[in-house]
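Everything below concerns the one structure shown next.
The values are calculated or read from the model by the stated rules, or taken from the named source; none is laboratory data. Predicted model, so just to flag it, every value in this text is computed and none were measured. Virtual Cβ from ideal backbone geometry, glycine too; neighbours counted across all protein chains shown.
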Amino acid sequence: MQYAIELYFDKETEQNLANLAQSVADRKLSTRFLEWKTRPHLTLTCFNDVDEQKCIEKLAEFAQSHQQMPAYIGSVGMFSDTKTVFASPIMNDGMYRFQRELCEHLKGFDAAGYEWYRPNRWVPHCTLALTKDDDEEVFYKASNLILHEFKKMSGKFVSIGLVKISFPVEEIYTAELGN
């Protein structure tokens with residue numbers, strides 16, 4: 001089974017991002033992202049397999065020793081190979097350090113094959129539309145829609161969670177970051 005560690009937004013920022021994803025579905029372009037039943041997030045790292053209880057314990061320790069962080073969502077981007085449209089956070093040293101420290105704290109779990117979620121290769125993004133399984137034109141229409149509706153936003157990253165990458169995504173554990 002595959003797992004991911006996700007970084008979650010405050011409720012208002014989460015809702016604003018969810019509204020953008022919902023717009024794609026409401027316009028009958030694509031519903032694939034919503035079908036995953038995951039909430040807006042940044043994926044921090046992925047694993048092929050974990051001992052869930054051990055991972056939960058390590059994640060709880062990590063969350064206790066880390067504070068909430070500002071979340072500035074400043075742009076929209078696309079992965080043309082996977083036909084994914086996403087919102088991008090404005091990154092800073094603290095966020096890169098947070099991800100690097102998390103990966104170090106969870107060292108020992110099998111992360112082979114997830115090089116794009118490892119330190120120095122991480123492309124932080126919040127998915128808004130997954131259109132790879134749709135007609136190619138949907139990718140461009142969804143991108144255009146999100147580009148027109150997107151507004152910069154400020155909020156906070158408030159929690160981290162362990163999820164099982166299944167269809168739909170299964171949230172296993174969430175830990176609040178310190179204030």
Selection count where residues are among the polar types (S, T, N, Q) and touching a strand residue (DSSP E or B) at 6+ places or on another chain (Cβ under 8 Å), scope segment 110-138
2
Which of the residues belonging to segment 74-133 are polar (S, T, N, Q) and either out of contact with any Leu (no Cβ under 6 Å at 6 or more places or on another chain) or surrounded by fewer than 14 Cβ atoms within 10 Å (Cβ to Cβ) (or both)?
75, 80, 82, 88, 92, 120, 127, 131
Please list, ordered by first then second residue, the pairs with beta carbon atoms under 7 Å, 6 or more apart or interchain, first in segment 50-64 and farther than 17 Å from residue 178 by Cβ and at pLDDT below 95, second of a type in the set (S, T, N, Q) and loosely packed, with under 14 Cβ neighbours inside 10 Å.
none
Scanning for something free of Cβ contacts under 8 Å to residues at least 12 places away in the same chain, part of a loop (DSSP other than H, G, I, E, B) and not charged (D, E, K, R), does segment 83-93 turn up at least one residue?
yes
Mind checking whether some residue in segment 142-149 is of a type outside the set (D, E, K, R) and without any contact (Cβ under 8 Å) to a residue 60 or more places away in the chain?
yes
For residue 99, state whether it is closer than 17 Å to residue 9 by Cβ, over 17 Å from the mean Cα position of the chain (by Cα) and not aliphatic (A, V, I, L, M).
no
Can you tell me which of (1) touching a residue at least 12 places away in the same chain (Cβ under 8 Å); (2) under 23 Å from residue 132 (Cα atoms) is the one residue 28 doesn't meet?
(1)
Considering 86, 98, 79, 139, which residue is more than 30 Å from residue 26 (Cβ to Cβ) and either in contact with an Asp or Glu (Cβ under 6 Å, 6 or more places away or on another chain) or among the aromatic types (Phe, Trp, Tyr) (or both)?
98
Can you name the residue in segment 29-46 that is within 17 Å of residue 174 (Cα to Cα) and in contact with a helix residue (DSSP H, G or I) (Cβ under 9 Å, 6 or more places away or on another chain) and, of all such residues, is surrounded by the fewest Cβ atoms within 10 Å (Cβ to Cβ)?
39
Consider residue 69 carefully, then state whether it is within 16 Å of residue 154 (Cβ to Cβ), touching a helix residue (DSSP H, G or I) at 6+ places or on another chain (Cβ under 7 Å) and of a type in the set (A, V, I, L, M).
yes
